[in-house]
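What follows draws every value from the coordinates through simple rules; no lab data is involved. The structure presented is a predicted model; accordingly, all values stated were derived computationally and were not measured. Note that each Cβ is placed from the backbone with ideal geometry, even for glycine, and that neighbours are counted across all protein chains shown.
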Amino acid sequence: MKTPSTKSSTSATTLKTFLADEYSSDPAGLSRFATNSCKLVRITRRWWRGYKTMDRAEITVAGEQIKADHTTQPRWKLIPTEVKEEFANFEKSVDLLIRAHCVFATEDEEYGRQPLLTGGGNYAVDVAQWPHVKTLLRKSQQVWGECADKWCTDDGYKEFHRLLKEQIGDTDYERVKDLIPPAKKLRRRFGLDVVVLPIRLAEDTGDDPEAEEGRRAAITELIEAAVRGPRDDAAAAWRSLAEQIVEETQAGQLQAKIVWRQTKKDGPVAPTHRRVQGKSVVAARKATEGLNRAARYLDKDLMAAMGLIRAELPDDEGPAKAVAAQLNSNDMLALRVGKILLDGAAAAESEAGMCLGVADAIRHARTPAASS
C-alpha cells in the first residue's frame, strides 16, 4: 500500500484521487483500515407526531369543492403543542450530537448531502470517539425515555388529553379522542434506539466487477467523509469569524476591518467599532473542537493551527463576550486573530494536508504497536 510521508508526494493530488490510488494498491488493506477505524451505528429517533387522516373530509378552494383524486387527504394533528415541542427539542439535541460526533457524507453541489453507506439513520463514529459518543447517546436515551414515561402514566395521559382538548376545542376533541392510542401503545411510539451494526466491509476481492466497484466507492466515501467533513465545518466557522474582523486592502494586504456606519440620523458616514458577538467566538471554538472526531487524520499544520486558535478563542460564553469586545475595538488584536483564523482555514482546506493525515493514519494502523 502506498503511504506517502512527504508533502511532495501528496501536494499535487486531491484526497479523492489519493484514496483511489490507495485502494488500487491494496484493496484489502484499505478495507480493513476503514472497518477497524469506525463503528457503524444506527440511531433511530421515534416520537408520535399525531397525524391521522381525516375521513370524509372535503377540500374547497375559493368556495368550490376539489375532487378527492386531485389532492392528498388532510390529517388531524393529535399531539398537544407542549408535547410536540418537547420532543422536537430532544430530536434537535440528538441531531446536534450526531452532527458533532458522527461521520456524514460529503456535500454534492448538484445533489446535496447523500446518505452514507447504508442510508439515512446509519452513521459512522470513529472508534476512538465511540466510548464518549456512546455515553452521550445513553444519556439522551434516558432523558427521551423519562419524558415519554411522563406522558404515558395515568396522570400524564390524562394531561395529554386535556391539553389536546384545550388546543382543538370540545367538538373536534370528541371526534378524534378515540384516534389517540391507549397509554401503553402510545408509549411504544416513543424511543431513541441506538444499535451498533454488526457490519464489516468486505476485505477479499471477488470476480464481480459491480460488487468491486461498490466496495471501492463505499470505502473511499467513508474515509473521505470522516476526513473532509470536520475540516470543512472548521474552515467555514473560522472564515466566518475572520470576515467579521479583517479584510483585504486593494493592494492585497490584510488589515483590521473598517466598518462604516451612519452614526446619527442624517449625519455623515463614519468608521465605527466592529460588532462581533460572543456567540461567534464560541461557534468558532466549537468547530475547532469538532475536529476531534477526525483526530486520527489531522496533519501537523492543522494541529498547529488548532493550538493557536484554542489559545485565542475561549469556549465559555462569558470570556467569549470579553474576547469579542476586544476584537471589536483593538485593531492589532483583530488583525492577529484574523490572520490565525485564515491560516487555520487554509490548513483545514488543504488537500495535501488531508492526504498526509490519512497516510499517517494508515501507516500507524499497520505498525506492530498499533495492532498489538
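The GluC sites (Glu not before Pro) of region 19-82 meeting both criteria, a DSSP state outside H, G, I, E and B (loop) and at most 11 other C-beta atoms within 10 angstrom of the site's C-beta, are GLU58. Put a dot 7 Å past the Cα of ALA311, heading toward its Cβ, do the same for ASP155, and the two dots end up 5.6 nm apart. Here is the size of region 122-258 from its Cα atoms: Rg then Dmax, 26.1, 73 Å.
Taking trypsin sites (Lys or Arg not before Pro) across region 48-79, the ones in a DSSP loop with at most 15 further Cβ atoms lying within 10 angstrom of their Cβ are ARG49, ARG56, LYS67. For region 295-313, no residue has its backbone nitrogen under 18 Å from a point 7 Å from the Cα of ALA20, taken along Cα to Cβ. Between the beta carbons of ARG188 and ALA217, assuming R0 = 51 Å, the FRET efficiency works out to 0.85 to the nearest 0.05. Placing +1 on each Lys and Arg Cβ and -1 on each Asp and Glu Cβ, with no other charges, gives region 321-372 a dipole about its Cα centre of roughly 180 debye. Per-residue packing, averaged as other Cβ atoms within 10 Å, sorts the ranges 244-252, 157-165 into the order 157-165, 244-252, beginning with the highest. Dipole orientation for the chain: of the candidates GLY50, LEU298, VAL337, GLY50 has the Cα lying most toward the positive pole (charges on Cβ; Lys, Arg +1; Asp, Glu -1).
Measuring between alpha carbons in the structure, the pairs from LYS92/LYS150; LYS16/LYS257; LYS16/LYS39; LYS134/LYS158 lying more than 31 angstrom apart are LYS16/LYS257; LYS134/LYS158. For the listed peptides 336-344, 309-317, 174-182, a ranking on the average number of other beta carbons within 10 Å per residue, highest first, reads 336-344, 309-317, 174-182. Given +1 at the Cβ of Lys and Arg, -1 at the Cβ of Asp and Glu and no other charges, the dipole of region 144-211 around its Cα centre is 680 debye to the nearest 20. Per-residue ellipticity at 222 nm from helix content only, as computed over the chain with -39500 (n - 2.57) for each DSSP H run of at least four residues, stands at -18500 deg cm²/dmol. Toward the positive end of the charge dipole of region 162-256, with +1 on the Cβ of Lys and Arg and -1 on the Cβ of Asp and Glu, the farthest Cα among ALA235, VAL176, PRO198 is that of VAL176. Two numbers describe the Cα atoms of region 284-366: Rg and Dmax, which are 14.8, 51 Å.
This structure gives semi-axes √(5λ) of the Cα gyration tensor in Å, computed directly, and of [x] 49, 27, 20; [y] 44, 35, 21; [z] 39, 22, 19 that value is listed as [y]. Set the Förster radius R0 to 35 Å, insert the Cβ-Cβ distance between GLU248 and ASN292 as r into 1/(1 + (r/R0)^6), and round the FRET efficiency to 0.05. E between GLU248 and ASN292, to the nearest 0.05, is 0.65. Placing +1 on each Lys and Arg Cβ and -1 on each Asp and Glu Cβ, with no other charges, gives the chain a dipole about its Cα centre of roughly 1220 debye.
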